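Some notes on the structure that comes next.
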Amino acid sequence: MIKIAPSILAADFAKLGEEVKEVEAAGAELIHVDVMDGHFVPNISFGALVMDAIRPHTSLPLDVHLMIENPDQYIEQFAKAGAEYITVHVEACRHLHRTIQLIRSYGVKPGVVLNPHTPIETIQHVLEDIDMVLFMTVNPGFGGQKFIESVVPKIEALSTIIKERGLNIDIEIDGGITAETIVPCAKAGANIFVAGSAIFGKEDRHAALQAIKAAGEQ
Ligand code: DX5
Ligand code: ZN
């Protein structure tokens, strides 16, 4: 089953409460929360205080994507702000296994994110410990970028490994997802899709979200 996680990075920050309600009504399964620190990525977005503010406006699980250096220092804050998933970049974690355990210790589902150029071999020894792998299909830092197609074979390769090992791990895709680009990713075995501009950038969020989901379910 395909799940859609609209990214609030592309929403109107002046009315975030209404924005999350609208995509929840449109059929979203998760809300994707993009946290950027201006160090790990060349842009700054928002932190846990903004998550605290939207939490009462939706019952959907919050899927927190940390694009930050030193994630260990901030995990408690995001856990307390009500994260369902916290995903950290393998490129930002010196002690990845420790960070995963820390996330788990707060009762939050840990996930690991790979940049477009990062090989899946970097996470093969933590697959038993995580609930999600997030593949970036753009270079992180900005919404509205073009989908990088060369990531698709990585998705396929991981999906095969997950099946072979009998693991229960969600595969999430983030960056440039539309009703067209979702198709090869879903075929490759991904089941959760982040979409920012392709949903919040459209007048009719319901139609946009449902079109992406339907294309992924084909
Ligand atoms: C990029 C973020 C993405 C971004 C997706 O750094 O992690 O979640 O908001 O935006 P679109 O769907 O517009 O590529
Ligand atoms: Zn993201």
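The values are calculated or read from the model by the stated rules, or taken from the named source; none is laboratory data. Because the structure is a prediction, the values reported are computed rather than measured. FYI the Cβ positions are ideal-geometry reconstructions off the backbone, even for glycines, and counts take in every protein chain you see.
Please tell me if Gly175 is under 26 Å from Arg55 (Cβ atoms), modelled with pLDDT of 95 or more and surrounded by fewer than 21 Cβ atoms within 10 Å (Cβ to Cβ). So Gly175 fails the test.
Out of Val113, Val41, one residue alone is crowded, with 18+ Cβ neighbours inside 10 Å and over 21 Å from Ala11 (Cα atoms). It is Val113.
Restricting the search to strands (runs of 3 or more DSSP E) fully inside region 98-203 and requiring at least 1 residues that are farther than 20 Å from Ala215 by Cβ and within 16 Å of ligand 2 (Cβ to nearest atom) gives 109-114, 132-136. Selection over region 15-28 of residues that are crowded, with 19+ Cβ neighbours inside 10 Å and not in a helix (DSSP H, G or I) gives a count of 1.
One residue stands out in region 123-147 among those that are more than 8 Å from ligand 1 (Cβ to nearest atom) and loosely packed, with under 14 Cβ neighbours inside 10 Å: the one that is nearest to the chain's Cα centre (by Cα), namely Lys146.
Whenever a residue of region 136-163 is more than 19 Å from Ile68 (Cβ to Cβ), its partners that are among the aromatic types (Phe, Trp, Tyr) and away from ligand 2 (no atom under 12 Å from the Cβ), lying with C-beta atoms within less than 9 angstrom and at least six residues away or across chains, give the pairs Thr137/Phe147.
Residues in region 6-14: is at least one more than 12 Å from ligand 1 (Cβ to nearest atom), part of a loop (DSSP other than H, G, I, E, B) and more than 19 Å from Phe200 (Cα to Cα)? No, every residue in region 6-14 fails to be more than 12 Å from ligand 1 (Cβ to nearest atom), part of a loop (DSSP other than H, G, I, E, B) and more than 19 Å from Phe200 (Cα to Cα). Listed by first and then second residue, the pairs with beta-carbon distance under 6 Å, at least 6 apart or on different chains, first residue in region 193-213 and of a type in the set (D, E, K, R), second modelled with pLDDT of 95 or more, are Lys202/Ala208; Arg205/Glu22; Arg205/Val23; Arg205/Ala26; Arg205/Ile199; Lys213/Ile2; Lys213/Ile4.
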